[in-house]
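Below is one structure, written out as structure tokens; the observations come after it.
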Amino acid sequence: RKGIVTNIENTVQGINKAVDEAEVMSGVDISQCTVGLGGVHIEGINSKGVFPIRDKGKNNKEIDRTDIEAVIHSAQAVEFAGDREIIHVVPHSYTVDKQHGIKDPLNMIGIRLEAEVHVITGAVTSIKHIPNCVLRSNLNIDGLMYNGLADVRAVMTTDEQELGSILIDIGAGTTDVVVVQNGGPIITTALPVGGIQVTNDLAIVKNIPFDMAEKIKISSGCCWLPFVERDEQILIPAFGGKGPEEVCRSEICEILQARMAEIFVMVKNKVDSMLHGIHLGGSVVICGGGALLNGTTELADEIFGMQSARLGIPSTIGGLVGEYRSPEFATVLGLILHRFDDQNKIGQISSSRKENSG
């Protein structure tokens, strides 16, 4: 519920079912996984660290990996409430002796190294519940990753990340928001609203069961009134002794548009309050199951005023069939790509060490 495990046993059963189905479909035995973390307890802050470059002998003050690790460690030394734990420390840029905006200071010469980082944290209990459920399902964990960063990896272009863009993942009970600029995250936050609230509004206003409202939202829903014909009708099936009923599709659209607009306004207000005047020149990229509602990008364009909203469709990956290139699968595909990135980095470091030792 809202990204937080509320029933351990049900979650374990859900994981086991998913693994069984994946093994049948792929013909591969699954023993390990990468775990995505999300929920309204996730928060990100920006921090800075400073570290003096150590003399490596013969007045050599060339920056090596231990210096970089030390300055990042310095930057993450932020005081948090006792119930929070760091998930990621993402380096944003470095400064070497007042030379700003350096992406990688390795092998540069200097006296003072500074780092600007984005620290993503979560509530300790909420972070531990999901990995514990995974372990109870007899799976080994390769790593943990915040879902919003996985989304960025899967659907946001390099240019968008440099120019300044907003990633909005509309899930069932939460909406994750990541603002990326100059290649790294500068805002990470989450809101306690999502697709469930959109469906619930339709169920309440039209006095129909939630499951029926969800089917109507998926099959006939739209959140941008200009897309709906004035006289277009849709059928609400019979239920609970009530006969079938025809209603104007525009009525359904008005209900859905009102809640989707509220979600986007909440995101915009939250982001504006945290940007402190920083200009964003990129896009609004929308993913998650909530992004599939027709008219979503047009509504976002109107509210954000950036005129560049688009659906976050994962890029082509070898062997990936078309049905999975959809905004609702952005997170899981981002986790896969992140795992490949990590394996490549490990391979590169290992090769570099072999060359140096040789």
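The values are calculated or read from the model by the stated rules, or taken from the named source; none is laboratory data. Bear in mind the structure is a predicted one, so any value in this text is a computation, not a measurement. So basically every Cβ, Gly included, is an ideal-geometry build from the backbone, and we count neighbours across all protein chains shown. Accessible surface is based on the protein model in full, side chains and every heavy atom, while ligands, DNA and RNA are left aside. Shrake-Rupley method; radii C 1.70, N 1.55, O 1.52, S 1.80 Å.
Provide a single number: the residues in the stretch 10-47 that are among the acidic types (D, E), over 20 Å from the mean Cα position of the chain (by Cα) and closer than 25 Å to G195 by Cβ. Full working, then the answer.
The first filter runs over the stretch 10-47 and keeps only residues among the acidic types (D, E), leaving 20-21, 23, 29, 43.
Filter once more, keeping what is over 20 Å from the mean Cα position of the chain (by Cα): 20-21, 23, 29.
Now drop any that are not closer than 25 Å to G195 by Cβ, which leaves 21.
Total meeting the criteria: 1.
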Check: What is the number of the single condition among (1) without any contact (Cβ under 8 Å) to a residue 12 or more places away in the chain; (2) of a type outside the set (S, T, Y); (3) closer than 25 Å to P131 by Cβ that I45 does not meet?
Finding: (1)
Next item on the list: For G110, work out the one condition from (1) surrounded by 13 or more Cβ atoms within 10 Å (Cβ to Cβ); (2) closer than 30 Å to M274 by Cβ it doesn't fulfil.
Entry: (2)
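Restricting the stretch 151-170 to residues that are assigned to a strand (DSSP E or B) and open to solvent by less than 10 Å² (accessible area, probe 1.4 Å), which is nearest to R259 (Cα to Cα)? Lay out the reasoning, then the answer.
Initially, the stretch 151-170 is screened for residues assigned to a strand (DSSP E or B), giving 165-170.
Retained after the next criterion (residues that are open to solvent by less than 10 Å² (accessible area, probe 1.4 Å)): 165-168, 170.
Numbers: S165: 23, I166: 20, L167: 19, I168: 15, I170: 12 Å.
Among those that are assigned to a strand (DSSP E or B) and open to solvent by less than 10 Å² (accessible area, probe 1.4 Å), it is I170.
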Next item on the list: Select, from G143, G173, the only residue that is assigned to a loop (DSSP other than H, G, I, E, B) and open to solvent by less than 50 Å² (accessible area, probe 1.4 Å).
Entry: G173
Check: Only one of (1) in a helix (DSSP H, G or I); (2) within 30 Å of Q13 (Cα to Cα); (3) open to solvent by 40 Å² or more (accessible area, probe 1.4 Å) fails for H73. Which number is that?
Finding: (2)
Notebook entry, point to check: If D55 satisfies every condition in (1) open to solvent by 70 Å² or more (accessible area, probe 1.4 Å); (2) closer than 24 Å to I170 by Cα; (3) part of a loop (DSSP other than H, G, I, E, B); (4) not basic (K, R) but one, which is the exception?
Noted result: (2)
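Of the residues V50, V24, V28, which single one is surrounded by fewer than 17 Cβ atoms within 10 Å (Cβ to Cβ) and under 30 Å from H276 (Cβ atoms)? Steps first, please.
Working: V24 fails: under 30 Å from H276 (Cβ atoms); V28 fails: under 30 Å from H276 (Cβ atoms).
Sole residue among the options that is surrounded by fewer than 17 Cβ atoms within 10 Å (Cβ to Cβ) and under 30 Å from H276 (Cβ atoms): V50.
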Check: Got a number for residues in the stretch 151-180 being polar (S, T, N, Q) and either touching a strand residue (DSSP E or B) at 6+ places or on another chain (Cβ under 8 Å) or at positive phi (or both)?
Finding: 4
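Being open to solvent by 70 Å² or more (accessible area, probe 1.4 Å) and assigned to a strand (DSSP E or B) is the filter; apply it to the stretch 76-101 and report the residue that is nearest to H338 (Cα to Cα).
Restricting to residues being open to solvent by 70 Å² or more (accessible area, probe 1.4 Å) and assigned to a strand (DSSP E or B), the top hit is H100.
If I ask for residues that are aliphatic (A, V, I, L, M) and in contact with a Phe, Trp or Tyr (Cβ under 9 Å, 6 or more places away or on another chain), which ones from the stretch 159-201 would you list? Talk me through it step by step, then tell me what you get.
Here is the first cut: in the stretch 159-201, the residues aliphatic (A, V, I, L, M) are 163, 166-168, 170, 172, 177-180, 186-187, 190-191, 193, 196, 198.
Matches in the stretch 159-201: I166, I168, V178, I196.
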Notebook entry, point to check: Taking the stated definitions as given, is K128 crowded, with 21+ Cβ neighbours inside 10 Å and assigned to a helix (DSSP H, G or I)?
Noted result: no
Next item on the list: Please verify whether the stretch 9-32 includes one or more residues that are assigned to a strand (DSSP E or B) and on the phi < 0 side of the Ramachandran plot.
Entry: yes
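Can you tell me which residues in the stretch 247-297 are of a type in the set (D, E) and either open to solvent by less than 60 Å² (accessible area, probe 1.4 Å) or over 27 Å from G184 (Cα atoms) (or both)?
Step one: list which residues in the stretch 247-297 are of a type in the set (D, E), which gives 251, 254, 262, 272.
Passing the criteria: E251, E254, E262.
Can you work out which of the residues in the stretch 193-237 that are open to solvent by 70 Å² or more (accessible area, probe 1.4 Å), of a type in the set (D, E) and in a loop (DSSP other than H, G, I, E, B) is modelled with the highest pLDDT?
Step one: of the stretch 193-237, the residues open to solvent by 70 Å² or more (accessible area, probe 1.4 Å) are 196, 204-205, 207, 210-211, 215, 218-219, 226-227, 229-231, 233, 235.
When the remaining residues are screened for being of a type in the set (D, E), the result is 211, 229, 231.
Okay, now just the ones that are also in a loop (DSSP other than H, G, I, E, B), so 229, 231.
Details: E229: 91, D231: 88.
Residue satisfying both the conditions and the ranking: E229.
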Next item on the list: Could you check D104 against (1) surrounded by fewer than 17 Cβ atoms within 10 Å (Cβ to Cβ); (2) closer than 28 Å to G305 by Cα and say which number it fails?
Entry: (2)
Checklist line | Selection count where residues are free of Cβ contacts under 8 Å to residues at least 12 places away in the same chain and among the polar types (S, T, N, Q), scope the stretch 257-306 | finding: 2
